[in-house]
Amino acid sequence: MLKFLSKVKIEFNALDPRVASCMEFLAQCNARKAKESNPACQVLVKRRTDDFPPQITVTFVNGVEEAFDATSTPAQAIRTMILEKGQLLETEQMFREAGEKWPVIIPEEELLQFAPGTKWNESLMMAQIVEEPKDKKAHCESLMRVRKDNRNWPFASFVSAWMDLDDEDCDI
C-alpha cells in the first residue's frame, strides 16, 4: 500500500472514542511488509488535544493529496482506495513510458472485437446480443454480427430460442 504514497499524515486525539480507524491504519502503515514496499514514505502522526475529528491524509507519489474523515471511513476502505488508485498510477506510468498518450481512449466497437487467445466473458456477449432487442430485425442483426465474426458462441442458439426465432427468420 505504501509503495503508491510519498506521505501519510494521521491526526487524532488519543482520548477520542472515534479513533479506531486511525489506529488501524497506523498499524497497517507500520507493518514490516508495508514499510519494505516504500521505505521513503513518510508516516507522520499528529496527536491532537482538541476536538478535531480523526483524519488521515495521504499524498500519492504523483503529488495528489487526499484527506479522509476517519470517523466515518474504515481503515480497510482507505487501504482499498489507495490500492485501486495505485494500480491506476502504475498503468498510467506504463503507458507514458511506452510513449502512449494518457488516458487511452478505446472505441466501444474495439472493446467488443474478438481477440484470439483471450477468454470470452460470456455474460458480456449475452448482454451484447440480448441488450433490449427493439424488434426482430435488431435481434437478427446482433445474431448475424456474432456469427459473421466466426465466434463459436454457445448462447447464440439459446438467445434465438428465447426470442422464438429460427435461423430462417433471420435469413442466415
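The values are calculated or read from the model by the stated rules, or taken from the named source; none is laboratory data. The structure displayed is predicted, hence computed values, not measured ones. Neighbour counts run over all protein chains shown; Cβ positions are idealised from the backbone, glycine included.
When Val8, Val45 are screened for being β-branched (Val, Ile, Thr), assigned by TED's automatic domain parsing to the domain that holds Leu88 and buried (at least 16 other Cβ atoms within 10 Å of the Cβ), only Val8 passes.
The set of residues from the range 66-75 being in contact (Cβ under 8 Å) with a residue 40 or more places away in the chain and surrounded by fewer than 16 Cβ atoms within 10 Å (Cβ to Cβ) comprises just one member, Pro74. Could you list, in sequence order, all residues of the range 28-63 that are in a helix (DSSP H, G or I) and among the acidic types (Asp, Glu)? Residue satisfying the conditions is Glu36 alone. Residue under question is Asn30, and the condition is that it be surrounded by 14 or more Cβ atoms within 10 Å (Cβ to Cβ) and of a type in the set (S, T, N, Q); does it hold? No: the conditions fail for Asn30. The residue pairs whose first member lies in the range 20-41 and is farther than 17 Å from Ala75 by Cα, whose second member is surrounded by 15 or more Cβ atoms within 10 Å (Cβ to Cβ) and of a type in the set (Gly, Ala, Ser), and whose beta carbons are closer than 7 Å, counting only pairs six or more residues apart or on different chains, are Cys41/Ser6.
Would it be correct to say that Lys9 is within 23 Å of the chain's Cα centre (by Cα) and touching a residue at least 40 places away in the same chain (Cβ under 8 Å)? Criteria not met by Lys9.
Table: residues versus (1) exposed (fewer than 11 other Cβ atoms within 10 Å of the Cβ); (2) modelled with pLDDT of 80 or more.
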{"site": "Gly86", "(1), (2)": "no, yes"}
{"site": "Glu92", "(1), (2)": "no, yes"}
{"site": "Glu97", "(1), (2)": "yes, yes"}
{"site": "Glu109", "(1), (2)": "yes, yes"}
{"site": "Thr118", "(1), (2)": "yes, no"}
{"site": "Ser142", "(1), (2)": "no, no"}
